[in-house]
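Chemist: Below is the structure I would like to discuss, written out as C-alpha coordinates.
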Amino acid sequence: MNDNEPNLHGIGMTSARTRERLVNRLRESGIKSPRILDLMRMTPRHYFIDEALAHQAYDDTALPIGHGQTISQPWVVARMTELLIEKGVPEKILEIGTGCGYQTSILAALGTQVYSVERIRPLLDQARKRLSALGYARVQLKHADGGFGWSAEAPFQGILAACGRPDIPEDLLNQLADGGRLVMPIGEREQQQLTVVDRVGDDFEVTRLDAVRFVPFQRGIMK
Ligand code: SAH
(Lines give C-alpha, C1' and ligand atoms only; values in the text may rest on other atoms or scores of the structure.)
Protein backbone atom coordinates (compact mmCIF):
# COMPACT_ATOMS: atom_id res chain seq x y z
CA MET A 1 0.00 0.00 0.00
CA ASN A 2 1.17 3.49 -0.83
CA ASP A 3 1.72 5.53 2.37
CA ASN A 4 -0.36 8.38 1.06
CA GLU A 5 -3.36 6.25 0.32
CA PRO A 6 -5.84 5.34 3.00
CA ASN A 7 -6.33 1.67 3.65
CA LEU A 8 -10.10 1.60 3.42
CA HIS A 9 -10.39 -2.07 2.64
CA GLY A 10 -8.85 -3.56 5.76
CA ILE A 11 -9.88 -6.97 6.93
CA GLY A 12 -10.93 -8.20 10.36
CA MET A 13 -10.96 -5.21 12.66
CA THR A 14 -12.27 -2.90 9.97
CA SER A 15 -14.79 -5.34 8.57
CA ALA A 16 -18.44 -4.49 7.97
CA ARG A 17 -19.38 -6.73 10.89
CA THR A 18 -17.11 -4.87 13.32
CA ARG A 19 -18.52 -1.54 12.23
CA GLU A 20 -22.08 -2.82 12.50
CA ARG A 21 -21.37 -3.86 16.09
CA LEU A 22 -20.35 -0.27 16.88
CA VAL A 23 -23.48 1.09 15.19
CA ASN A 24 -25.66 -1.29 17.24
CA ARG A 25 -23.94 -0.14 20.40
CA LEU A 26 -24.50 3.51 19.53
CA ARG A 27 -28.17 2.78 18.85
CA GLU A 28 -28.47 1.04 22.23
CA SER A 29 -26.87 4.05 23.92
CA GLY A 30 -29.52 6.39 22.54
CA ILE A 31 -28.28 7.61 19.14
CA LYS A 32 -31.47 7.67 17.07
CA SER A 33 -30.77 9.60 13.87
CA PRO A 34 -30.39 7.17 10.92
CA ARG A 35 -28.26 9.79 9.19
CA ILE A 36 -25.80 9.91 12.09
CA LEU A 37 -25.72 6.12 12.37
CA ASP A 38 -24.92 5.89 8.63
CA LEU A 39 -22.11 8.43 9.00
CA MET A 40 -20.66 6.47 11.91
CA ARG A 41 -20.85 3.27 9.84
CA MET A 42 -19.16 4.67 6.74
CA THR A 43 -16.37 6.70 8.38
CA PRO A 44 -13.06 4.78 8.49
CA ARG A 45 -12.11 5.52 12.12
CA HIS A 46 -9.15 3.14 11.88
CA TYR A 47 -7.61 5.50 9.36
CA PHE A 48 -7.34 8.32 11.92
CA ILE A 49 -5.31 6.45 14.53
CA ASP A 50 -1.97 4.73 14.84
CA GLU A 51 -1.86 1.34 13.14
CA ALA A 52 -0.89 -0.33 16.42
CA LEU A 53 -4.28 0.69 17.86
CA ALA A 54 -6.32 -0.05 14.74
CA HIS A 55 -7.76 -3.24 16.23
CA GLN A 56 -9.60 -1.01 18.75
CA ALA A 57 -10.82 1.49 16.16
CA TYR A 58 -14.45 0.36 16.29
CA ASP A 59 -14.65 0.00 20.07
CA ASP A 60 -16.70 2.72 21.71
CA THR A 61 -13.72 4.28 23.51
CA ALA A 62 -11.41 7.28 23.27
CA LEU A 63 -7.85 6.36 22.16
CA PRO A 64 -4.52 8.23 22.34
CA ILE A 65 -3.41 10.16 19.25
CA GLY A 66 -0.13 11.54 20.66
CA HIS A 67 0.76 14.92 22.24
CA GLY A 68 -1.40 14.00 25.24
CA GLN A 69 -4.57 14.17 23.14
CA THR A 70 -7.24 11.60 22.24
CA ILE A 71 -9.58 10.70 19.43
CA SER A 72 -13.05 11.15 20.94
CA GLN A 73 -15.22 8.19 21.86
CA PRO A 74 -17.57 7.36 18.93
CA TRP A 75 -20.66 7.84 21.14
CA VAL A 76 -19.53 11.38 21.99
CA VAL A 77 -18.88 12.21 18.31
CA ALA A 78 -22.30 10.81 17.32
CA ARG A 79 -24.09 12.63 20.16
CA MET A 80 -22.43 16.00 19.49
CA THR A 81 -23.10 15.74 15.76
CA GLU A 82 -26.72 14.77 16.40
CA LEU A 83 -27.17 17.82 18.64
CA LEU A 84 -25.44 20.11 16.15
CA ILE A 85 -27.76 19.15 13.27
CA GLU A 86 -30.97 18.72 15.29
CA LYS A 87 -32.59 21.81 13.73
CA GLY A 88 -31.04 21.24 10.29
CA VAL A 89 -27.49 20.96 8.98
CA PRO A 90 -25.67 24.28 9.65
CA GLU A 91 -24.47 26.04 6.49
CA LYS A 92 -21.05 26.78 7.97
CA ILE A 93 -19.52 24.90 10.89
CA LEU A 94 -16.58 25.91 13.07
CA GLU A 95 -14.85 23.06 14.90
CA ILE A 96 -12.39 23.73 17.73
CA GLY A 97 -9.87 20.90 18.21
CA THR A 98 -9.27 19.11 14.90
CA GLY A 99 -7.11 16.50 16.65
CA CYS A 100 -6.77 13.56 14.27
CA GLY A 101 -9.57 14.84 12.02
CA TYR A 102 -12.13 12.10 12.74
CA GLN A 103 -14.94 14.40 13.90
CA THR A 104 -13.96 16.84 11.14
CA SER A 105 -14.51 14.16 8.48
CA ILE A 106 -17.96 13.37 9.89
CA LEU A 107 -18.94 17.04 9.77
CA ALA A 108 -17.56 17.33 6.22
CA ALA A 109 -19.56 14.28 5.16
CA LEU A 110 -22.73 16.24 6.01
CA GLY A 111 -21.91 18.16 2.82
CA THR A 112 -21.51 21.50 4.56
CA GLN A 113 -18.56 23.94 4.77
CA VAL A 114 -16.32 23.05 7.72
CA TYR A 115 -13.66 25.28 9.32
CA SER A 116 -11.52 23.52 11.90
CA VAL A 117 -8.89 24.95 14.26
CA GLU A 118 -6.16 23.01 16.09
CA ARG A 119 -3.48 24.41 18.44
CA ILE A 120 -0.94 21.55 18.06
CA ARG A 121 0.85 21.85 14.72
CA PRO A 122 1.86 18.18 14.14
CA LEU A 123 -1.70 16.98 14.79
CA LEU A 124 -3.05 19.53 12.34
CA ASP A 125 -0.51 18.57 9.66
CA GLN A 126 -1.39 14.90 9.98
CA ALA A 127 -5.14 15.60 9.96
CA ARG A 128 -4.68 17.68 6.81
CA LYS A 129 -2.99 14.75 5.02
CA ARG A 130 -5.64 12.29 6.12
CA LEU A 131 -8.58 14.48 5.20
CA SER A 132 -7.21 15.25 1.79
CA ALA A 133 -6.42 11.56 1.11
CA LEU A 134 -10.05 10.77 1.96
CA GLY A 135 -11.20 13.42 -0.51
CA TYR A 136 -12.42 16.11 1.90
CA ALA A 137 -10.86 18.90 -0.10
CA ARG A 138 -13.30 21.60 0.98
CA VAL A 139 -12.41 21.51 4.70
CA GLN A 140 -10.51 24.61 5.84
CA LEU A 141 -7.93 24.02 8.58
CA LYS A 142 -6.02 26.54 10.67
CA HIS A 143 -3.22 26.32 13.24
CA ALA A 144 -4.45 28.68 15.94
CA ASP A 145 -5.91 29.03 19.42
CA GLY A 146 -9.58 28.21 18.88
CA GLY A 147 -10.53 30.34 21.87
CA PHE A 148 -10.60 33.24 19.43
CA GLY A 149 -12.76 31.40 16.90
CA TRP A 150 -12.20 32.27 13.22
CA SER A 151 -13.41 35.85 12.91
CA ALA A 152 -12.68 36.23 9.18
CA GLU A 153 -15.18 33.45 8.39
CA ALA A 154 -17.83 34.27 11.01
CA PRO A 155 -20.73 34.00 11.57
CA PHE A 156 -21.15 30.23 11.90
CA GLN A 157 -24.53 28.50 12.11
CA GLY A 158 -22.85 25.69 14.03
CA ILE A 159 -19.86 25.63 16.41
CA LEU A 160 -18.53 22.42 17.98
CA ALA A 161 -15.65 22.23 20.47
CA ALA A 162 -13.96 18.92 21.29
CA CYS A 163 -12.19 20.23 24.39
CA GLY A 164 -13.60 21.36 27.73
CA ARG A 165 -13.28 24.41 29.94
CA PRO A 166 -15.35 26.02 32.70
CA ASP A 167 -16.72 28.85 30.55
CA ILE A 168 -17.63 29.53 26.93
CA PRO A 169 -15.13 31.83 25.17
CA GLU A 170 -16.84 35.11 24.37
CA ASP A 171 -15.44 35.18 20.83
CA LEU A 172 -17.23 31.92 20.08
CA LEU A 173 -20.56 33.34 21.29
CA ASN A 174 -19.98 36.46 19.19
CA GLN A 175 -19.20 34.38 16.11
CA LEU A 176 -22.35 32.26 16.45
CA ALA A 177 -25.00 33.27 13.88
CA ASP A 178 -28.49 34.27 14.99
CA GLY A 179 -30.45 31.00 15.13
CA GLY A 180 -27.18 29.08 15.34
CA ARG A 181 -26.13 26.42 17.83
CA LEU A 182 -22.91 25.79 19.76
CA VAL A 183 -22.15 22.37 21.29
CA MET A 184 -19.28 22.02 23.75
CA PRO A 185 -18.27 20.34 27.01
CA ILE A 186 -18.38 22.84 29.90
CA GLY A 187 -16.89 22.13 33.31
CA GLU A 188 -13.77 21.41 35.30
CA ARG A 189 -10.82 19.28 34.20
CA GLU A 190 -12.08 15.97 35.58
CA GLN A 191 -15.64 16.17 34.30
CA GLN A 192 -17.76 18.38 32.09
CA GLN A 193 -21.34 18.54 30.88
CA LEU A 194 -22.18 18.45 27.22
CA THR A 195 -23.74 21.88 26.73
CA VAL A 196 -25.89 23.26 23.94
CA VAL A 197 -26.16 27.02 23.39
CA ASP A 198 -28.82 28.34 21.00
CA ARG A 199 -28.52 31.95 19.90
CA VAL A 200 -31.78 33.86 19.50
CA GLY A 201 -30.93 37.46 18.64
CA ASP A 202 -28.71 38.57 21.49
CA ASP A 203 -30.01 35.91 23.85
CA PHE A 204 -28.17 32.67 24.47
CA GLU A 205 -30.26 29.72 25.65
CA VAL A 206 -28.14 27.22 27.52
CA THR A 207 -29.10 23.54 27.91
CA ARG A 208 -26.90 21.20 29.92
CA LEU A 209 -26.95 17.53 28.96
CA ASP A 210 -24.79 14.42 29.46
CA ALA A 211 -21.79 14.13 31.78
CA VAL A 212 -18.63 13.73 29.67
CA ARG A 213 -14.86 13.80 29.99
CA PHE A 214 -12.83 15.69 27.39
CA VAL A 215 -9.23 16.85 27.14
CA PRO A 216 -8.84 20.48 28.28
CA PHE A 217 -9.40 23.54 26.10
CA GLN A 218 -5.94 25.10 26.35
CA ARG A 219 -4.57 28.53 25.59
CA GLY A 220 -1.99 29.47 22.97
CA ILE A 221 -0.50 27.32 20.21
CA MET A 222 2.18 24.58 20.10
CA LYS A 223 4.65 24.32 17.22
N1 SAH B 1 -12.01 16.13 17.20
C2 SAH B 1 -11.07 15.12 17.64
C3 SAH B 1 -10.82 15.23 19.12
C4 SAH B 1 -9.48 15.75 19.40
S5 SAH B 1 -9.15 15.99 21.13
C6 SAH B 1 -11.60 13.76 17.25
O7 SAH B 1 -12.22 13.64 16.23
O8 SAH B 1 -11.39 12.78 17.89
C9 SAH B 1 -9.32 17.73 21.28
C10 SAH B 1 -8.33 18.56 20.52
O11 SAH B 1 -8.54 19.92 20.91
C12 SAH B 1 -6.86 18.27 20.80
O13 SAH B 1 -6.22 17.92 19.62
C14 SAH B 1 -6.32 19.59 21.37
O15 SAH B 1 -5.00 19.89 20.96
C16 SAH B 1 -7.31 20.59 20.80
N17 SAH B 1 -7.38 21.87 21.51
C18 SAH B 1 -7.37 22.09 22.85
N19 SAH B 1 -7.45 23.41 23.10
C20 SAH B 1 -7.51 24.05 21.89
C21 SAH B 1 -7.57 25.39 21.47
N22 SAH B 1 -7.60 26.42 22.34
N23 SAH B 1 -7.59 25.67 20.14
C24 SAH B 1 -7.56 24.67 19.23
N25 SAH B 1 -7.49 23.36 19.56
C26 SAH B 1 -7.47 23.05 20.88
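Chemist: Report the calculated FRET efficiency for Asp171 and Arg17 (r = Cβ-Cβ distance, R0 = 41 Å), to the nearest 0.05.
Modeler: So, using R0 = 41 Å, E works out to roughly 0.40.
Chemist: Would you mind checking which residues have amide H under 5 Å from Gly180's amide H? H placed 1.01 Å from N; only 5 or more apart, or other chain.
Modeler: For Gly180, whose amide H was placed from the backbone, the distant partners under 5 Å are Arg199.
Chemist: If we sort 141-150, 23-32, 69-78, 198-207 on the protection proxy, mean other Cβ atoms within 10 Å, highest first, what's the order?
Modeler: Taking the mean over residues of other Cβ atoms within 10 Å, the ranking is 69-78, 141-150, 23-32, 198-207.
Chemist: In segment 61-212, carbon and sulfur make up what percent of the accessible area (probe 1.4 Å)?
Modeler: 46 percent
Chemist: Next question, about the same structure. If the only charges are +1 at each Lys and Arg Cβ and -1 at each Asp and Glu Cβ, what is the size of the charge dipole of segment 61-212 around the Cα centre, to the nearest 20 debye?
Modeler: So the dipole magnitude of segment 61-212 works out to roughly 740 debye.
Chemist: Taking the Cβ of Ile159 as the center, what net charge do the other residues with Cβ under 9 Å away carry, scoring Lys and Arg +1 and Asp and Glu -1?
Modeler: Taking every Cβ under 9 Å from that of Ile159, the sum is 0.
Chemist: Right, here's the next one. List, in order, the whole-Hz ³J(HN,Hα) value for each residue of segment 145-153 obtained from phi through the Karplus relation with A = 6.51, B = -1.76, C = 1.60 and θ = phi - 60°; use x for Gly and Pro.
Modeler: Calculated HN-Hα couplings, in order: 7, x, x, 9, x, 9, 4, 4, 9 Hz.
Chemist: Find the accessible area per residue for segment 61-212; the probe is 1.4 Å, ligands and nucleic acids are left out, and the unit is Å².
Modeler: Value for segment 61-212: 40 Å² per residue.
Chemist: What share of all Cα pairs of the chain, in percent, falls into each consecutive 5 Å distance bin?
Modeler: 1, 7, 16, 20, 22, 17, 10, 5, 2, 0, 0
Chemist: 5 Å is the cut-off here: which amide hydrogens, built 1.01 Å from N in the peptide plane, fall below it relative to Ser116, excluding neighbours closer than 5 in sequence?
Modeler: Correct list: Glu95, Gln140, Leu141, Lys142.
Chemist: Also, quick follow-up: Can you find, among Leu173, Gln126, His46, the residue farthest towards the positive end of the dipole of the chain? Put +1 on the C-beta of Lys and Arg, -1 on that of Asp and Glu.
Modeler: Toward the positive end, the furthest listed residue is His46.
Chemist: Oh, and also: Near Leu124, within a Cβ-to-Cβ distance under 15 Å, what is the net charge of the other residues, with Lys and Arg +1 and Asp and Glu -1?
Modeler: Neighbourhood net charge equals +3.
Chemist: Could you tally the net charge around Tyr115, taking each other residue with its Cβ under 11 Å from the Cβ of Tyr115, Lys/Arg +1 and Asp/Glu -1?
Modeler: On the way: positive: Lys92, Arg138, Lys142; negative: Glu95, Glu153.
Around Tyr115, the charge tally is +1.
Chemist: Using Cα-Cα distances under 8 Å and only pairs 6 or more residues apart, what relative contact order does the chain have, in percent?
Modeler: Taking the mean separation of contacting Cα pairs over the length of the chain, I get 15 percent.
Chemist: Additional query: Put +1 on the Cβ of every Lys and Arg and -1 on every Asp and Glu Cβ in the chain; which of Leu37, Pro185, Ala152 then has its Cα farthest towards the positive end of the dipole?
Modeler: So the residue we want is Leu37.
The values are calculated or read from the model by the stated rules, or taken from the named source; none is laboratory data. Computed from a prediction, not measured in an experiment: that's the story for all the values here. Note that we place each Cβ from the backbone using ideal geometry, even for glycine, and neighbour counts take in every protein chain shown. The protein model used for the area step is the full one, side chains on, heavy atoms only, and it has no ligands, DNA or RNA in it. Shrake-Rupley method; radii C 1.70, N 1.55, O 1.52, S 1.80 Å.
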